[in-house]
Amino acid sequence: MNYLSGSGQSRGYYFTILIIVANAILTTSCNTNKNPKAGTINPLPSAIATAETKPVPRDSTEDAADDPAIWVNFADPCASRIIGTDKKGGLAVYDLDGKELFYYNTGLMNNVDLRYRFPLNSDTIDIMAVSNRTDQSVDLYKVNQDGSLQIVHFKQLKSLLKEEVYGLCMYRSKVTGKFFVFVNDKNGVVEQWELFNNEHMVDGRIVRNLKLASQVEGMVADDDTGILYVGEEDKGIWIFNAEASGPVNGEFLPMSGEKDNNNIKFDVEGLAIYKMAGDSGYLIASSQGNNSYAVFNRQAPHTYIGSFKIVAGESTDGTEETDGLDVMNFDFGEKYPKGLIVIQDGHNKDNGTAAPQNFKIIRWDSIALKFNPSLEF
Ligand code: CA
Ligand code: CA
Ligand code: CA
Ligand code: CA
Ligand code: CA
Ligand code: CA
Ligand code: CA
């Protein structure tokens with residue numbers, strides 16, 4: 001889009017530009033950071049994890065834990081759960097203290113996401129989708145009230161992607177009420193599946209494909225705004241219309257790549273949305289190459305706000321080389337009154353010693369308050 005075209009041109013418009021340019025020159029000359037890109041020489045805001053999950057059952061040298069999903073237990077918020085993928089073997093379910101409650105040897109499970117109240121058999125279920133590399137499929141589970149998982153697919157949704165199934169997210173359309181799963185591969189192809197009932201189970205059909213130029217993984221869909229965000233790992237974040245009937249061309253999110261943002265170092269990995277009233281809140285992206293997390297406004301034009309890190313505290317280590325993350329704005333009780341973020345840690349250390357990978361659990365407000373001005377919660 002050419003921002004100079006259209007009806008906004010006027011003498012006042014050019015005068016405004018002149019002032020902006022003059023200000024930029026003044027600011028630059030007073031700043032020791034001569035780099036014109038965004039970013040700062042000051043350390044990023046940082047917070048400490050409240051808890052961490054039990055490590056996945058692998059070696060400390062294996063890249064195994066990958067992507068989390070937070071499941072809210074609305075009847076008993078403190079009994080909410082974290083589901084984490086172990087891409088070397090299965091699915092783990094943790095409580096909010098990080099204690100492992102269940103582990104399922106279901107295969108090479110890569111990314112996971114969930115939605116509430118999927119209509120099934122004159123009732124509703126909380127439905128979870130996982131990309132399964134053992135079977136090149138999307139598998140569907142019901143999340144039971146205790147957080148245990150139960151297969152609900154009529155048959156595994158066998159992907160037609162040419163490369164292994166990789167990133168995944170879910171979407172519920174406000175327009176049609178339909179539920180969808182997006183799954184992608186390393187060629188940059190995104191498959192969109194529509195879910196439907198089939199003989200008291202859940203089935204799916206492919207309704208659309210999207211194509212990006214290079215490797216993608218992290219994705220998140222915003223049910224309220226109808227946006228699908230896709231992270232192209234060596235480029236930045238793309239915005240798509242999530243509707244099956246929507247256009248297939250994406251729009252690049254400014255400041256989401258290395259080119260115009262000093263605080264981002266590829267790969268761009270996990271994406272998640274902290275939702276607030278209406279369409280306010282934040283989009284959060286893992287900047288894997290510098291162990292940080294970029295925060296954008298959820299509202300268009302999705303302005304970049306800043307980045308943060310999770311550093312070591314007394315009982316937990318920090319997070320590095322993060323793949324997946326998930327965030328939820330919900331009152332989980334006194335430990336997490338304003339919600340929490342779950343972040344995969346590529347280099348877990350327990351008592352200073354390398355340990356298998358796990359997921360860190362962090363109070364949202366402990367991050368928000370480190371920003372100046374504070375992020376909202
Ligand atoms: Ca990894
Ligand atoms: Ca996820
Ligand atoms: Ca990746
Ligand atoms: Ca990577
Ligand atoms: Ca991953
Ligand atoms: Ca760590
Ligand atoms: Ca640790």
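The values are calculated or read from the model by the stated rules, or taken from the named source; none is laboratory data. Here the structure is a predicted model, which is why all the values come from computation and not from measurement. Using ideal geometry, Cβ is built from the backbone for each residue, glycine included, and neighbour counts are taken over all protein chains shown. These accessible areas exclude ligands, DNA and RNA; they are computed on the full protein's heavy atoms, side chains included. Shrake-Rupley method; radii C 1.70, N 1.55, O 1.52, S 1.80 Å.
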The chain: relative contact order in percent, alpha carbon pairs under 8 Å with at least 6 residues between: 15 percent
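What fraction of the Cα pairs in region 247-377, stated in percent, has a spacing above 26 angstrom?
21 percent
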With Cα atoms, 0 to 90° folded angle of helix 11-29 axis to the chain main axis: 80 degrees
The chain: most fluctuating residue of Tyr104, Tyr282, Tyr293 per GNM, C-alpha cutoff 10 Å: Tyr104
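Do any of Lys335/Lys360; Lys235/Lys338; Lys259/Lys338; Lys54/Lys88; Lys275/Lys309 go past 24 Å between their Cα atoms, and which?
On the way: Lys335/Lys360 14 Å; Lys235/Lys338 32 Å; Lys259/Lys338 33 Å; Lys54/Lys88 16 Å; Lys275/Lys309 20 Å.
Lys235/Lys338; Lys259/Lys338, as the Cα separations exceed 24 Å there.
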Carbon + sulfur, % of accessible area of the chain - ligands and nucleic acids excluded, 1.4 Å: 53 percent
Pairwise label distance in nanometres, Thr353 with Thr303, each label 7 Å out on the Cα-Cβ vector: 4.9 nm
Stretchable slack from Val175 to Arg117, in nm (0.36 nm times residue separation minus alpha-carbon distance): 19.3 nm
For region 165-277: rounded, prolate or oblate by the Cα gyration tensor [a/c cutoff 1.5]: prolate
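Counting heavy atoms of the protein chains only and a 1.4 Å probe, report the per residue accessible area for the chain as a whole number of Å². Provide the component values of the computation, followed by the final result.
Values: 16810 Å² over 377 residues.
Averaged over the residues of the chain, the accessible area is 45 Å².
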Estimated D of region 43-368 in µm² per second, where Rh is the Kirkwood radius over Cα pairs and Stokes-Einstein applies at 20 °C, 1.002 mPa s: 111 µm²/s
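Could you size up the charge dipole of the chain around its Cα centre, putting +1 on the beta carbon of Lys and Arg and -1 on that of Asp and Glu, and report it in debye to the nearest 20?
1000 debye
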Total formal charge among the other residues, if their Cβ is under 13 angstrom from that of Thr106, Lys/Arg +1 and Asp/Glu -1: 0
Scaled radius of gyration (Cα, divided by 2.2 N^0.38 Å) that region 94-213 gives: 1.05
CD proxy at 222 nm, helix term only [per DSSP H run n ≥ 4: -39500 (n - 2.57); per residue of the chain; nearest 500]: -2000 deg cm²/dmol
